[in-house]
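The values are calculated or read from the model by the stated rules, or taken from the named source; none is laboratory data. All values reported here derive from a predicted model rather than from experimental measurement. Positions of Cβ are generated from backbone atoms using ideal geometry, with glycine treated the same way; all protein chains shown enter the neighbour counts. Just so you know, the surface numbers come from the protein's heavy atoms only, side chains and all, with ligands and any DNA or RNA stripped out. Shrake-Rupley method; radii C 1.70, N 1.55, O 1.52, S 1.80 Å.
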Amino acid sequence: MLTLRLSERELLYMAYWEDLTGKEIAEVLGISPAAVWVRLSRARESLRNALLASSTVRRGDDG
């Protein structure tokens with residue numbers, strides 16, 4: 001997860017750890033709720049790619 005940008009990590013933290021709504025996150029960040037969903041979608045994609053890359057590296061090390 002350290003390969004994600006700080007802004008992506010913070011957004012994922014607010015959404016999934018703090019369980020804030022899109023509206024609440026928008027208020028914290030000073031952006032629109034629509035922008036939250038766009039950024040959250042991109043952050044999830046970055047996380048997905050980082051996890052896939054990590055699992056690929058680990059499988060390569062085991063063989």
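What to note about this one:
- On Cα atoms only, tilt of 33-62 relative to the major axis of the chain in degrees: 10 degrees
- Globularity ratio of the chain, using Cα Rg and 2.2 N^0.38 Å: 1.32
- Neighbours of Ala34, meaning other residues whose beta-carbon lies under 15 angstrom from its beta-carbon, give a summed charge of +1 when Lys and Arg score +1 and Asp and Glu score -1.
- Accessible surface, the chain, averaged per residue in Å² (probe 1.4 Å): 77 Å²
- Förster radius 30 Å - calculated FRET efficiency between Ser55 and Glu10, Cβ distance, rounded to 0.05: 0.80
- Charge tally around Glu10: other residues with Cβ under 11 Å, Lys/Arg +1 each, Asp/Glu -1 each, net +1.
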